[in-house]
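Asks: Have a look at this one.
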Amino acid sequence: MAYSRGDAALLGRVWAPGERARQDAARLRALVAAGCVARGVRHRFGRIEVLSTGGRLVRLRVVQSLPRSERVRSGQVVGSFAGTPPTAVTVELLATDDGWRLR
């Protein structure tokens, strides 16, 4: 939703504050500064394995992919972003007062 609306504040629903959140927000702001948004940005998840839990933090090994999405300017498709193949990655989820967030 953040990328389709061009609203970096919505990334706070996904990310806990930190470097990865700042990097994602910077990418989105650069896209918006170019007069564009992205349509179709939807991560897909396959296998999920719990690696560890402790307190408010959970580490997971997930297989994720990102399908191709469209670069849109003034309602018109002006390009695309290549998707990514299924890849196993380690992610951390942090329990916050507002719910679980990626860290």
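Throughout, read-outs are computed from the coordinates displayed, never taken from laboratory work. Note that this is a predicted model, so its numbers are computed, not measured. Ideal geometry is used to build each Cβ from the backbone, glycine not excepted, and the neighbour counts take in all protein chains shown.
Asks: Looking at the range 49-71 only, could you name the residues that are assigned to a strand (DSSP E or B) and either under 13 Å from GLU92 (Cβ atoms) or touching a residue at least 60 places away in the same chain (Cβ under 8 Å) (or both)?
Replies: Within the range 49-71, VAL50, LEU51, SER52, THR53, GLY54, LEU57, VAL58, ARG59, LEU60, ARG61, VAL62, SER69 meet the criteria.
Asks: When the range 1-18 is examined, which residues are found to be closer than 23 Å to LEU93 by Cβ, over 13 Å from the mean Cα position of the chain (by Cα) and assigned to a helix (DSSP H, G or I)?
Replies: none
Asks: Hey, among the residues in the range 39-70 that are closer than 21 Å to ASP7 by Cβ and among the small types (Gly, Ala, Ser), which one's surrounded by the fewest Cβ atoms within 10 Å (Cβ to Cβ)?
Replies: Of everything passing the filter in the range 39-70, GLY40 is surrounded by the fewest Cβ atoms within 10 Å (Cβ to Cβ).
Asks: For the range 23-38, give me each residue that is surrounded by 15 or more Cβ atoms within 10 Å (Cβ to Cβ) and part of a helix (DSSP H, G or I).
Replies: ASP24, ALA25, LEU28, LEU31, VAL32
Asks: Quick one: would you say GLY79 is under 19 Å from GLY6 (Cα atoms), surrounded by 15 or more Cβ atoms within 10 Å (Cβ to Cβ) and not hydrophobic (A, V, I, L, M, F, W, C)?
Replies: Here the answer is no, as GLY79 does not meet what is asked.
Asks: Do we have ARG73 as in contact with a Leu (Cβ under 8 Å, 6 or more places away or on another chain) and surrounded by 11 or more Cβ atoms within 10 Å (Cβ to Cβ) here?
Replies: no
Asks: I would also like to ask the following. Residue by residue through the range 1-21, note down the ones that are of a type outside the set (A, V, I, L, M), surrounded by 12 or more Cβ atoms within 10 Å (Cβ to Cβ) and over 15 Å from VAL72 (Cα atoms).
Replies: GLY12, TRP15, PRO17, GLY18, ARG20
Asks: Residues of the range 82-103 being loosely packed, with under 14 Cβ neighbours inside 10 Å and assigned to a strand (DSSP E or B), which ones?
Replies: THR84, PRO85, PRO86, THR87, ALA88, VAL89, THR90, ALA95, THR96, GLY99, TRP100
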